[in-house]
2 protein chains.
Amino acid sequence: MKPLILITNDDGITSKGISFLVDVMKNLGEVVVVAPDSPQSGMGHAITIHDPLKYHESDLFVKDGVKAYQCSGTPADCVKLAKNHLLGRMPDLVVSGVNHGSNSSVSVLYSGTMSAALEAAIEGLPAIGYSVCDYGYDAEFNHTRDFVEEIAKKVLEKGMPKGTALNVNFPKVSDEPIKGLKYCRQADGKWQEEFDERTDPSGRKYLWLTGKYVLFDKGEDTDEWALNNNYGSIVPVKIDLTNHEYLQDLLK
Amino acid sequence: MKPLILITNDDGITSKGISFLVDVMKNLGEVVVVAPDSPQSGMGHAITIHDPLKYHESDLFVKDGVKAYQCSGTPADCVKLAKNHLLGRMPDLVVSGVNHGSNSSVSVLYSGTMSAALEAAIEGLPAIGYSVCDYGYDAEFNHTRDFVEEIAKKVLEKGMPKGTALNVNFPKVSDEPIKGLKYCRQADGKWQEEFDERTDPSGRKYLWLTGKYVLFDKGEDTDEWALNNNYGSIVPVKIDLTNHEYLQDLLK
């Protein structure tokens, strides 16, 4: 039996990144898409509990021979819906993305793309979230194709420890091809926010959240270092948030 | 100068849990409330990037001598807004809650309450998320009062490692007083979902996400064990999601 691969994302089922992922994954197994019907960027690990979920079958990927559903919920909802309601069996791999924009460093915490992967990890399913450092609707993904496939193949073959998922990021396309892949740790950094205050036509104030990423980390073993040096970065992330080191201190 | 304590939550500024937290924290410092104007449960670490944010001052806590703002965004947005736009100086402590409902074990990943605390941790601010295992609007919080105060006092005094926050949960009120506090690790468990399918008046199907928590973990050092044995649980959680152990394997 061919491996069953569930694809989801957070930019919505009509985004370019998910089409690209379908195109790569259909060579590796039986693919089913369950993705949000609208963009869900920055949704973190949100789930829909105060509203009902709706979904319907989509013909977007019929041309690829791929069954697809669009859902009113978040990326994490899509994984739950797929696993419990739409797929007849457990998927062998859950892939999320390819996200239009970086999810490296601390952005993993805000990422809808990675929340889908972590949701799969909660279920003990091998999972990968892919992102490209290009926020454009028309972002280029083809320069990552061989790497995206290579990583998925390896995970299908070797599996992954329970409660773990891979956070994979690629540099934006440039004149230089991507040099290779690096296993990394999550870089220490943050978004330095600024609020852009404006006034609406009725005279009420409103704010746009903007900001720029600030890297504190000087290590050469981080995802930020890899991306800044034209490598794809792979950070294994886990669902156990316990700070075990500090816990040991507290227990003394 | 008195310590500045920022209070937020995910149940919204009118919830009982945040009033309780104001009532405890006003004894420990100068308190400012910045909280969502509507319930945000299950929002995970969502942030508002595709819509503008709105906020206005609220007179809900004037009786306590406490300045308060309500905001259209998520708990993580509230922390960003407070830090960058509303508070004149960095808070000495950020407290979130008290949540109506448990955020122990894997629920930490879905928790809006804890996302506010983790957002503060990203900023290097000491932070605590408090929850009580009672989902009712009219949940009882008084049995946790001394513990809530004790933990906050200790954190104000001793601080916390960078990038860390405390996930504090309390049992629901019962005939037995809470036995004490335990430092714990996050229990291994998950929500076993079921989708309750219904049909709307127009004949369209919709689903409610429901489920029950399943504990896999037999350890007596977990938050679930503590709560099931009538202790308050304190899990130090961190923003670095890297699975360092597995990373070392991958690098071999």
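The values are calculated or read from the model by the stated rules, or taken from the named source; none is laboratory data. Just so it is clear, the structure is predicted and the values come from calculations on it, not from any experiment. Every residue, glycine as well, gets a Cβ built from its backbone with ideal geometry; the counts of neighbours run over all protein chains shown. We work out accessible area using only protein heavy atoms, side chains counted, and drop any ligands, DNA or RNA first. Shrake-Rupley method; radii C 1.70, N 1.55, O 1.52, S 1.80 Å.
Counting charges near B:Cys184 (Lys, Arg +1; Asp, Glu -1) among other residues having Cβ under 10 Å from its Cβ returns a value of -2. When the accessible areas of A alone and B alone are added and the area of the pair subtracted, with a 1.4 Å probe, the result is around 6100 Å², both sides summed. Think of each Lys and Arg Cβ as +1 and each Asp and Glu Cβ as -1; about the Cα centre, that makes the dipole of segment A:30-122 roughly 100 debye. Contact-buried residues of segment B:101-125, at a threshold of 20 Å² lost accessible area versus the chain by itself: B:Val106, B:Leu109, B:Tyr110, B:Leu118, B:Ile122, B:Glu123 (1.4 Å probe; DNA, RNA and ligands ignored). Restricting the calculation to Cα atoms, segment B:103-145 shows an Rg/Rh of 1.03 when the hydrodynamic-style radius is the Kirkwood one. Accessible-area loss of 40 Å² or more (1.4 Å probe, protein heavy atoms, chain alone versus all protein chains) is found in segment B:213-252 for B:Pro236, B:Lys238, B:Ile239, B:Leu241, B:Thr242, B:Asn243, B:Tyr246, B:Leu247, B:Leu250. Taking the label point 7 Å along Cα→Cβ, B:Leu87 and its counterparts in the other copies are spaced 4.2 nm apart, in ascending order. Other residues within the sphere of radius under 11 Å centred on the Cβ of A:Gly129, judged by their own Cβ, net out at -2 (K and R +1, D and E -1). Applying a threshold of 28 Å to the alpha-carbon distances of A:Lys16/B:Lys252; A:Lys16/A:Lys153; A:Lys190/B:Lys218; A:Lys182/A:Lys218 flags A:Lys16/B:Lys252; A:Lys190/B:Lys218 as lying beyond it.
For segment B:104-236, averaging the sequence separation of C-alpha pairs within contact (under 8 Å, six or more residues apart) and dividing by the residue count gives a relative contact order of 30 percent. Calculated FRET efficiency, B:Asn229 to A:Asn84, Cβ-Cβ distance, R0 = 35 Å: about 0.65 to the nearest 0.05. Looking at B:Gly101, B:Val132, B:Val168, which one has the Cα that reaches farthest to the positive end of the dipole of segment B:62-212 (charges on Cβ: Lys, Arg +1; Asp, Glu -1)? With unit charges placed on the Cβ atoms, the residue in question is B:Val168. By the gyration tensor of its Cα atoms, with a ≥ b ≥ c the square roots of the eigenvalues, what is the shape of segment B:1-131: rounded for a/c under 1.5, prolate for a/b over b/c, or oblate? Rounded, because the longest to shortest axis ratio a/c is under 1.5. Where the alpha-carbon atoms of segment A:116-252 are placed on the principal axes, they occupy 59, 53, 33 Å, in descending order. The Cα center of segment A:1-70 and the Cα center of segment A:141-168 differ in position by 17 Å.
Hey, can you find the accessible area per residue of the protein assembly as shown for me, probe 1.4 Å, expressed in square angstrom?
41
Farthest towards the positive end of the charge dipole of the protein assembly as shown, among the residues A:Ser72, A:Val214, B:Tyr69, is the Cα of A:Val214, using unit charges on the Cβ of Lys, Arg, Asp and Glu.
Kindly work out what percent of the DSSP beta bridges joining two residues of segment A:23-89 are antiparallel, to the nearest 5. Write out the running numbers ahead of the final one.
On the way: 4 of 9 bridges.
For segment A:23-89, the DSSP antiparallel bridge percentage is about 45.
Sorted from closest to farthest, the other copies place their B:Asp138 label points 6.0 nm away, with each point set 7 Å from Cα along Cα→Cβ.
Solvent exposure of A:Met90, expressed as accessible area, is near 90 Å², computed with a probe of 1.4 Å over the protein chains only.
Take every Cα pair under 8 Å in chain A that's 6+ residues apart, average their separations, divide by the length, and report that relative contact order as a whole percent. For chain A, the relative contact order is 18 percent. Ranked from largest to smallest solvent-accessible area, with a 1.4 Å probe on the protein heavy atoms, B:Lys238, B:Lys179 come out as B:Lys179, B:Lys238. Shape annotation for chain A: C-alpha extents along the principal axes are 52, 51, 48 Å, from largest to smallest. Interface burial in segment A:32-81 reaches 40 Å² or more for A:Ser41, A:Gly42, A:His45, A:Ile47, A:Ile49, A:His50, A:Pro52, A:Leu53, A:Lys54, A:Lys80, comparing the full protein assembly with the chain by itself; accessible area from heavy atoms with a 1.4 Å probe. Picking from B:Pro236, B:Pro75, B:Pro36, which is most flexible by a Gaussian network model of chain B using Cα springs under 10 Å? Greatest mean-square fluctuation among the candidates belongs to B:Pro236. Shown for B:Val62: label points 7 Å from Cα along the beta-carbon vector, and their distances to the equivalent points in the other copies, 6.2 nm in ascending order.
Taking the protein heavy atoms of chain B in the context of the full set of protein chains, the accessible area attributed to carbon and sulfur is 48 percent at 1.4 Å. Rg and Dmax of the protein assembly as shown, both derived from C-alpha coordinates alone, stand at 22.1, 70 Å.
Which value, in debye to the nearest 20, gives the size of the charge dipole of the protein assembly as shown about its Cα centre, when Lys and Arg are +1 and Asp and Glu are -1 at the Cβ?
Numbers: 52 positive and 72 negative charges, 56 e Å.
Charge dipole of the protein assembly as shown: 260 debye, to the nearest 20.
DSSP beta bridges fully contained in the protein assembly as shown are about 45 percent antiparallel.
Cα convex hull of segment B:57-132: mean projected area in nm², to one decimal? Display every interim value, and only then the final one.
Details: hull surface 22.3 nm².
With the hull built on Cα positions only, its mean projection is 5.6 nm².
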